[in-house]
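My structure is below; once you've seen it, I'll send some questions.
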Amino acid sequence: MALDKIGIAKRIAQELRDGWYVNLGIGIPTLVANYIPEGIEVEFQSENGILGMGPFPFEGEEDADLINAGKQTITATKGAVFFDSATSFAMIRGQHVQLTVLGAMEVSQNGDIANWKIPGKMVKGMGGAMDLVASAENIIVAMMHSNKEGESKILKKCSLPLTGVGCVKKVVTELAVLEIKDGKFYLIERAPGVSVEEIKSKTEGDLVVPDFVPEMVF
Amino acid sequence: MALDKIGIAKRIAQELRDGWYVNLGIGIPTLVANYIPEGIEVEFQSENGILGMGPFPFEGEEDADLINAGKQTITATKGAVFFDSATSFAMIRGQHVQLTVLGAMEVSQNGDIANWKIPGKMVKGMGGAMDLVASAENIIVAMMHSNKEGESKILKKCSLPLTGVGCVKKVVTELAVLEIKDGKFYLIERAPGVSVEEIKSKTEGDLVVPDFVPEMVF
Amino acid sequence: MNKQVKNVEEALVGIEDGMTLMLGGFGLCGIPENSIAQLVKLNVKNLTCISNNAGVDDFGLGLLLQGKQIKKMISSYVGENAEFERQMLSGELEVDLIPQGSLAERCRAGGAGIPAFFTPAGFGTEVAEGKEVRIFNGKPHILESALTADFAIVKAWKGDTEGNLVFKGTARNFNPMMAMAGKITIAEVEELVPAGELDPNFIHTPGIFVQRIFKGEKFEKRIEQRTVRTK
Amino acid sequence: MNKQVKNVEEALVGIEDGMTLMLGGFGLCGIPENSIAQLVKLNVKNLTCISNNAGVDDFGLGLLLQGKQIKKMISSYVGENAEFERQMLSGELEVDLIPQGSLAERCRAGGAGIPAFFTPAGFGTEVAEGKEVRIFNGKPHILESALTADFAIVKAWKGDTEGNLVFKGTARNFNPMMAMAGKITIAEVEELVPAGELDPNFIHTPGIFVQRIFKGEKFEKRIEQRTVRTK
């Protein structure tokens with residue numbers, strides 16, 4: 001069965017390693033924070049200027065001066081730090097953040113990503129996404145395999161304006177975990193009960209399928 | 001009579017304007033701080049990381065963590081700030097400092113300055129001088145008109161390795177105040193009792209002398 | 001050096017039609033509310049505004065958009081504002097979208113006298129169009145230029161009469177870099193104290209970058225996305 | 001994320017002959033004394049040291065020069081050290097002199113992922129030799145590149161177990177930028193406190209830049225130019 005958003009977040013959480021600083025994008029990526037594997041310590045960076053982002057505040061404890069990059073009220077963990085936007089992107093551009101998780105509208109088999117603009121329809125701006133994808137060594141994209149019209153978003157070539165080129169190495173969707181290597185998607189895992197055929201049929205890009213594709217384990 | 005070092009500092013102090021941030025180099029320039037005209041407020045920046053540099057500490061109150069760019073123990077004024085070296089030179093390079101006073105071994109009539117190196121003899125390094133002269137809009141050089149051998153240091157062309165090109169606009173020596181304009185030195189004032197002839201004879205560079213050259217007034 | 005001015009009216013003297021303004025803040029967090037209200041009152045027009053976001057329809061820079069005071073926005077993310085989208089799609093409003101990190105660094109560069117620098121952000125995208133590309137360490141980078149403004153308007157938590165500023169939480173964001181990059185920088189603060197009351201070791205923006213400072217009359221500090229958890 | 005290591009021995013594990021080190025400090029102010037003493041003990045050789053100064057003959061980096069441990073110095077001012085001058089003039093020591101502001105900015109750039117930037121400092125001088133020159137705003141600038149190091153060793157006043165650092169007075173100087181630019185950054189501190197004890201609004205170096213932190217055993221904090229006035 002295809003995963004829900006929480007399932008995608010849980011699977012991505014398995015990629016976390018002890019001691020990592022992690023930047024989570026808006027949407028599904030934000031949920032990853034709720035499923036940190038036991039025995040592992042990670043610290044969340046939000047590009048608007050906090051390291052050590054904690055959970056949402058309790059009702060009545062919201063602070064207008066304490067938000068994340070999605071403009072949501074948050075809390076700070078013990079040992080947190082606040083800093084300005086230039087310092088924040090020094091961390092990101094300087095590759096001090098070990099993992100970036102973000103959503104996408106399209107991903108292509110050479111690692112291109114499009115997630116900021118639909119010409120003529122939606123122009124919200126790229127925010128910090130272009131800096132994040134251009135700099136991060138380790139980017140995981142959390143996304144749905146297809147759009148609402150049922151068209152694959154895992155493509156040979158992105159059709160939307162790009163956010164970054166050749167930067168995505170791993171994609172986790174409701175159906176599968178894909179790695180991007182040598183200009184192809186490699187099927188690494190499938191969601192429990194999802195067939196290789198379904199993944200194949202919903203992937204427009206070139207997909208390399210090994211003889212045995214393990215199911216995700218939660 | 002030719003000025004002493006204190007006289008040069010006093011004359012330069014007359015150039016200060018209310019509300020200016022000022023960076024003083026090592027040597028004669030440091031003395032300028034002692035002769036701020038009445039009714040004027042200026043604030044001293046030292047490039048190692050302080051704005052609001054005060055006088056030397058009283059005996060027994062020296063703090064190893066509080067020095068100026070000459071590595072001398074200092075104090076901080078009320079409202080002072082400490083910052084890192086990148087921020088310090090952001091102030092300098094970004095032209096937030098209104099006046100820079102520094103010493104020189106040689107100055108040329110197109111505004112070049114040499115004050116950091118004597119090949120084969122003295123190589124101490126440029127410290128912050130190259131950043132200061134390249135960035136400051138308003139540089140006053142405090143120096144002696146001649147070297148110990150009696151050779152003019154106010155030259156057509158510098159013979160020593162340059163610190164900066166075309167940046168000096170005003171020079172105050174023990175004999176005169178000179179302005180640099182259009183590739184020439186202009187004699188603006190002479191030290192009390194010093195003759196125009198003496199200044200002419202000790203100036204190797206092209207010197208423009210007006211009909212009347214006022215004496216400095218203290 | 002006393003930088004204190006009496007009020008917002010005095011602080012904003014000299015802002016004229018057609019000028020370029022930088023305004024601190026991220027979303028509605030850390031924005032100079034009092035100054036924005038005064039800009040509405042002054043009704044200056046044809047402004048170029050450099051600010052990470054464009055406020056919401058009825059607060060922040062959205063207020064200037066309502067009054068059609070802005071000719072051009074230079075931002076990284078403008079998704080929270082329907083009037084913005086309308087003006088942009090209709091062509092009334094020029095928009096220059098910039099990656100957030102490049103925006104922050106370009107403001108800092110403007111204040112720090114660095115006219116241009118290389119960054120990887122935006123390579124291979126629309127952002128790189130017309131910009132010089134160069135490979136460093138095997139990776140393509142684009143050349144980005146410094147940003148400056150006629151006036152930078154920032155909001156701080158505390159400030160002293162020397163113009164030294166201290167920010168709180170994530171309300172710091174773009175404020176310190178913009179303070180550096182304004183030809184004239186105006187700071188509105190929640191609390192204004194005499195010189196010497198702020199610890200000189202812990203000042204975020206040294207007063208040298210600030211020309212005018214005043215205590216804001218009222219701070220609404222609106223929350224854009226109130227998210228809570230239950231006990 | 002606990003970055004605390006037991007002592008200087010543990011902190012400096014992995015430093016080897018031929019490596020590039022950054023060392024914080026201005027003159028003898030804010031230098032990592034304990035780590036320098038340990039470098040002498042380890043007797044690592046052929047080091048390239050990036051540090052604003054080279055210490056004095058018998059303290060600071062002067063100690064490494066005495067032991068001929070340094071192959072190359074990258075500094076802005078080295079005037080306080082006779083042994084330095086001797087080694088340089090005899091050709092034993094390579095020296096790269098850099099304008100102080102460019103040095104600071106090049107370290108910051110190294111930490112911030114900016115491979116190169118333009119600055120006016122040094123145009124028309126030896127420093128500009130072989131470097132690209134470009135005019136911005138009618139003024140010539142030279143292209144300077146980022147600096148990084150295998151290890152950056154910094155000294156802070158206080159730090160917490162997360163690696164967050166706080167500096168005191170002018171002992172801050174180059175330490176924060178160098179902390180950013182080390183592949184591995186080691187911080188020695190006068191006081192080490194548990195996470196959460198430092199105010200998150202007032203941390204100079206966020207812990208993300210620091211990999212190892214320890215409390216220095218002893219700080220001599222020698223004064224280079226003791227100047228006083230009389231009451």
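Give me a count of the residues in region D:190-205 that are surrounded by fewer than 24 Cβ atoms within 10 Å (Cβ to Cβ) and either outside any loop (DSSP other than H, G, I, E, B) or among the hydroxyl-bearing types (Ser, Thr, Tyr) (or both).
4
Let me ask something additional. Could you list all residues from region B:148-173 that are of a type in the set (S, T, N, Q), part of a loop (DSSP other than H, G, I, E, B) and over 11 Å from B:Ala104 (Cα atoms)?
B:Ser159
For region B:174-188, which residues satisfy the criterion of being without any contact (Cβ under 8 Å) to a residue 40 or more places away in the chain and not in a loop (DSSP other than H, G, I, E, B)?
B:Ala176, B:Leu178, B:Glu179, B:Lys181, B:Tyr186, B:Leu187, B:Ile188 - these are the residues of region B:174-188 that are without any contact (Cβ under 8 Å) to a residue 40 or more places away in the chain and not in a loop (DSSP other than H, G, I, E, B).
Determine whether region B:102-111 contains at least one residue that is crowded, with 24+ Cβ neighbours inside 10 Å, closer than 28 Å to D:Ile74 by Cβ, facing chain D (nearest Cβ under 8 Å) and aliphatic (A, V, I, L, M).
no
Okay, next question. Is it fair to say C:Ile36 is assigned to a loop (DSSP other than H, G, I, E, B) and either under 27 Å from B:Gln95 (Cβ atoms) or of a type outside the set (Gly, Ala, Ser) (or both)?
no
Condition test on B:Lys124, is it crowded, with 16+ Cβ neighbours inside 10 Å, at pLDDT below 95 and farther than 30 Å from C:Gly111 by Cβ?
yes
With respect to C:Lys183, is the statement that it is of a type in the set (D, E, K, R) and surrounded by 18 or more Cβ atoms within 10 Å (Cβ to Cβ) true?
no
Tell me whether region D:206-226 contains one or more residues that are surrounded by 21 or more Cβ atoms within 10 Å (Cβ to Cβ), without any contact (Cβ under 8 Å) to a residue 40 or more places away in the chain and within 14 Å of chain A (Cβ to nearest Cβ).
Looking through region D:206-226, none of the residues is surrounded by 21 or more Cβ atoms within 10 Å (Cβ to Cβ), without any contact (Cβ under 8 Å) to a residue 40 or more places away in the chain and within 14 Å of chain A (Cβ to nearest Cβ).
What strands (runs of 3 or more DSSP E) lie completely within region C:61-174 and have 1 or more residues being at the interface with another protein chain (Cβ under 7 Å from one of its Cβ atoms) and not acidic (Asp, Glu)?
So the answer is C:70-75, C:94-97, C:116-119, C:133-136, C:139-145.
Give me a count of the residues in region C:49-88 that are touching a residue at least 60 places away in the same chain (Cβ under 8 Å) and either touching a Gly at 6+ places or on another chain (Cβ under 6 Å) or of a type in the set (S, T, N, Q) (or both).
3
Each row is one residue, and each column tells you yes or no for (1) of a type outside the set (S, T, N, Q); (2) closer than 17 Å to A:Gly25 by Cα; (3) in contact (Cβ under 8 Å) with a residue 60 or more places away in the chain; (4) out of contact with any Phe, Trp or Tyr (no Cβ under 6 Å at 6 or more places or on another chain).
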position: A:Glu41; (1), (2), (3), (4): yes, no, no, yes
position: A:Ser46; (1), (2), (3), (4): no, yes, no, yes
position: A:Gly49; (1), (2), (3), (4): yes, yes, no, no
position: A:Gly52; (1), (2), (3), (4): yes, yes, no, yes
position: A:Phe56; (1), (2), (3), (4): yes, yes, no, yes
position: A:Glu61; (1), (2), (3), (4): yes, no, no, yes
position: A:Phe82; (1), (2), (3), (4): yes, no, no, yes
position: A:Gln109; (1), (2), (3), (4): no, no, yes, no
position: A:Lys121; (1), (2), (3), (4): yes, no, no, yes
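Out of curiosity, is D:Pro200 at the interface with chain A (Cβ under 10 Å from one of its Cβ atoms) and within 14 Å of D:Pro32 (Cα to Cα)?
Here the answer is no, as D:Pro200 does not meet what is asked.
In region A:91-101, how many residues are within 11 Å of chain C (Cβ to nearest Cβ) and more than 11 Å from A:Glu47 (Cβ to Cβ)?
Qualifying residue count, region A:91-101: 2.
With respect to B:Glu151, determine if the residue is under 17 Å from the mean Cα position of the chain (by Cα) and over 18 Å from B:Gly27 (Cβ atoms).
no
From the residues in region B:32-63 that are more than 7 Å from every other protein chain (Cβ to nearest Cβ) and of a type in the set (A, V, I, L, M, F, W, C), which one is farthest from B:Ala129 (Cα to Cα)?
B:Ile40
Test D:Ile142 against the criterion of being more than 21 Å from the chain's Cα centre (by Cα), surrounded by fewer than 18 Cβ atoms within 10 Å (Cβ to Cβ) and aliphatic (A, V, I, L, M), and give yes or no.
Judged against the criteria, D:Ile142 is not a match.
Pick from region C:1-49 the residues that are within 12 Å of another protein chain (Cβ to nearest Cβ) and of a type in the set (Gly, Ala, Ser): which of them is nearest to C:Gly216 (Cα to Cα)?
C:Gly30
Against the definition (within 13 Å of chain C (Cβ to nearest Cβ), free of Cβ contacts under 8 Å to residues at least 40 places away in the same chain, among the hydrophobic types (A, V, I, L, M, F, W, C) and touching a Leu at 6+ places or on another chain (Cβ under 7 Å)), how does A:Ala114 come out, yes or no?
In short, no.
Moving on to the next point. In this structure, does D:Gly122 turn out to be farther than 17 Å from B:Thr87 by Cβ and crowded, with 24+ Cβ neighbours inside 10 Å?
Taking the combined requirement at face value, the residue satisfies it.
Within region A:86-104, can you find the residues that are among the polar types (S, T, N, Q) and either on the phi > 0 side of the Ramachandran plot or touching a Leu at 6+ places or on another chain (Cβ under 8 Å) (or both)?
Those that are among the polar types (S, T, N, Q) and either on the phi > 0 side of the Ramachandran plot or touching a Leu at 6+ places or on another chain (Cβ under 8 Å) (or both): A:Gln95, A:Thr100.
Can you give me the number of residues within region A:23-60 that are within 14 Å of the chain's Cα centre (by Cα), aliphatic (A, V, I, L, M) and surrounded by 23 or more Cβ atoms within 10 Å (Cβ to Cβ)?
Counting residues in region A:23-60 that are within 14 Å of the chain's Cα centre (by Cα), aliphatic (A, V, I, L, M) and surrounded by 23 or more Cβ atoms within 10 Å (Cβ to Cβ) gives 3.
Please determine whether any residue of region A:18-27 is touching a Lys or Arg at 6+ places or on another chain (Cβ under 7 Å), closer than 24 Å to C:Thr230 by Cβ and more than 7 Å from chain C (Cβ to nearest Cβ).
No, the conditions are met nowhere in region A:18-27.
Does C:Thr161 qualify as being among the polar types (S, T, N, Q) and surrounded by fewer than 21 Cβ atoms within 10 Å (Cβ to Cβ)?
Against the criterion (among the polar types (S, T, N, Q) and surrounded by fewer than 21 Cβ atoms within 10 Å (Cβ to Cβ)), C:Thr161 qualifies.
Given the structure, is B:Met1 closer than 21 Å to B:Gly128 by Cβ, more than 9 Å from every other protein chain (Cβ to nearest Cβ) and over 14 Å from the mean Cα position of the chain (by Cα)?
No: the conditions fail for B:Met1.
Within region B:64-87, which residues are part of a loop (DSSP other than H, G, I, E, B) and either of a type in the set (Gly, Ala, Ser) or away from chain C (no Cβ under 12 Å) (or both)?
Correct list: B:Ala64, B:Asn68, B:Ala69, B:Gly70, B:Lys71, B:Ile74.
The values are calculated or read from the model by the stated rules, or taken from the named source; none is laboratory data. Keep in mind that what you see is a predicted model, and the values were worked out from it rather than measured. All Cβ positions, glycine included, derive from the backbone under ideal geometry; neighbour counts span all protein chains shown.
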